[in-house]
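Since the structure comes first, as structure tokens, the remarks are kept for the end.
The values are calculated or read from the model by the stated rules, or taken from the named source; none is laboratory data. Here the structure is a predicted model, which means the values were calculated and not measured. Backbone-built Cβ (ideal geometry, glycine too); neighbour counts: all protein chains shown.
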Amino acid sequence: MRRIAVDAMGTDSAPEPEVAGAIEAARAGYAEVLLVGPQDRLSRELSQRKALGLPIRIVHASETITMGDKATKAFRQRRDSSIRVTARLVNEGKADGMISAGNTGAVMTTAKIVLGGLEGVDRPAIAQVFPTSKGTAAVLLDVGANVDCKPHHLVEFAVMGHTYYHVIFGMERPRIGLLSIGQEDQKGNELTRGALPLLRQLPLNFIGNVEGRDLYNGRVEVIVCDGFIGNVALKISEGLIEAISSLLKEALSSTLSSKVGYVLARKAFQNFKKRVDYSEYGGAPLLGVKGVCIICHGGSNTNAIKNAIRVAAEFSNGKVNEKIERELAAASRFGY
């Protein structure tokens, strides 16, 4: 069983979702969990829940990093923060992976410095899973780790995205697209036009340029872009899903009069919410760093933390990092 370190002080409602998610993950047999944070507070939280006998252990951390803290400054000054202690457990081999729903900048900074980068990776990238209309999953990267990129960075993202998708979703040759403003080769900006010929040289299933709508229609499994565009796409998607869910709920409540109709519509609505619920995917992996680092949403609930632990264990079991290094070494022979 893999051992996953969880920053228990990351979510907006910490440590309740982290503790509850750890209990559910341990109960499901996903992993042994190390809860990192204030010993007394976490002990009280665990004692209030039915966690006796589960493979959960507390690792004390006396400091926390808030959402308002500057990442680099917080890393330097708070050496015993829950984020840093969590990363240190992975670096020292005491945990196989880490997850945190805390300050994203601080998590990225800490992971890059404490864990270090993989051989051949210039820029780590955050990979976010999206549902598609075909019932499959699509992975978009980068969604925020790198605002400014060069063409060879997108090549790295493509290789890492291919490997991650292959291991986690089991597809041998996922289709890869380059996010642009049109499918034609001449469309796009300087970055996409520079990256396109490099991506075509790779021994991957690269299909060319794709558009924003292809993120949800199942045309491709992996989409690469710079972190600025990726983060905008992510935030628009989150806002749109919230708006559609709210509008659907309001429409159903105001138009359905029969009890049977309401029950059927409610079931359909719940199925819709489950398909677009980010918590089903747990969190977004920071690809390109040594060890396993899963970054969760600040509003993560119990289900999100539980699934993040599951994904971290699957990532470790699948030896994703070793495969990324091999794929990048192979790609370098094609002149990238």
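Determine the pairs where a residue that is without any contact (Cβ under 8 Å) to a residue 60 or more places away in the chain and assigned to a helix (DSSP H, G or I), located within the range 145-162, has a partner that is surrounded by 17 or more Cβ atoms within 10 Å (Cβ to Cβ) and not small (Gly, Ala, Ser) with Cβ atoms under 8 Å apart, the partner being 6 or more residues away or on another chain. Once the first residue is without any contact (Cβ under 8 Å) to a residue 60 or more places away in the chain and assigned to a helix (DSSP H, G or I) and sits in the range 145-162, its partners that are surrounded by 17 or more Cβ atoms within 10 Å (Cβ to Cβ) and not small (Gly, Ala, Ser) give 151/191; 151/198.
Check 236, 229, 295 and return the single one that is buried (at least 24 other Cβ atoms within 10 Å of the Cβ) and either at pLDDT 85 or above or touching a Pro at 6+ places or on another chain (Cβ under 8 Å) (or both). Working first, answer last.
On the way: 236 fails: buried (at least 24 other Cβ atoms within 10 Å of the Cβ); 229 fails: buried (at least 24 other Cβ atoms within 10 Å of the Cβ).
None of the others qualify; the one that does is 295.
Just one residue in the set 26, 20 is more than 24 Å from residue 287 (Cβ to Cβ) and in contact with a Leu (Cβ under 6 Å, 6 or more places away or on another chain); that residue is 26. Scanning the range 44-83 for residues that are more than 22 Å from residue 107 (Cα to Cα) and surrounded by 12 or more Cβ atoms within 10 Å (Cβ to Cβ) yields 44, 45, 46, 49, 51, 54, 55, 56. Would you check if there is a residue in the range 99-106 being in a strand (DSSP E or B), in contact (Cβ under 8 Å) with a residue 24 or more places away in the chain and under 16 Å from the mean Cα position of the chain (by Cα)? So far as the range 99-106 goes, yes, one or more of its residues are in a strand (DSSP E or B), in contact (Cβ under 8 Å) with a residue 24 or more places away in the chain and under 16 Å from the mean Cα position of the chain (by Cα). For the range 185-203, the condition of being more than 19 Å from the chain's Cα centre (by Cα), on the phi < 0 side of the Ramachandran plot, crowded, with 16+ Cβ neighbours inside 10 Å and polar (S, T, N, Q) holds for at least one residue. Only a single criterion out of (1) surrounded by fewer than 18 Cβ atoms within 10 Å (Cβ to Cβ); (2) within 20 Å of residue 233 (Cα to Cα); (3) of a type outside the set (Asp, Glu); (4) touching a strand residue (DSSP E or B) at 6+ places or on another chain (Cβ under 7 Å) is not satisfied by residue 161, namely (1).
Among the residues of the range 167-209, just one is free of Cβ contacts under 8 Å to residues at least 60 places away in the same chain, part of a helix (DSSP H, G or I) and within 18 Å of residue 287 (Cα to Cα), namely 169.
Out of all the residues in the range 75-98, which are part of a helix (DSSP H, G or I) and out of contact with any strand residue (DSSP E or B) (no Cβ under 7 Å at 6 or more places or on another chain)?
Here is the first cut: in the range 75-98, the residues part of a helix (DSSP H, G or I) are 75-77, 82-91.
If the condition is that a residue be part of a helix (DSSP H, G or I) and out of contact with any strand residue (DSSP E or B) (no Cβ under 7 Å at 6 or more places or on another chain), then 75, 76, 77, 84, 88, 91 are the ones that fit.
Here are 72, 86, 66: which of them is of a type in the set (Val, Ile, Thr), at pLDDT below 95 and touching a Ser or Thr at 6+ places or on another chain (Cβ under 7 Å)? Explain how you work it out, then say what you get.
Details: 86 fails: at pLDDT below 95; 66 fails: touching a Ser or Thr at 6+ places or on another chain (Cβ under 7 Å).
When all the criteria are applied, what remains is 72.
Criterion first (modelled with pLDDT under 95 and within 22 Å of residue 298 (Cβ to Cβ)) does residue 109 satisfy it? Spell out the reasoning first.
Numbers: modelled with pLDDT under 95: yes; within 22 Å of residue 298 (Cβ to Cβ): yes.
When the stated conditions are applied, residue 109 passes them.
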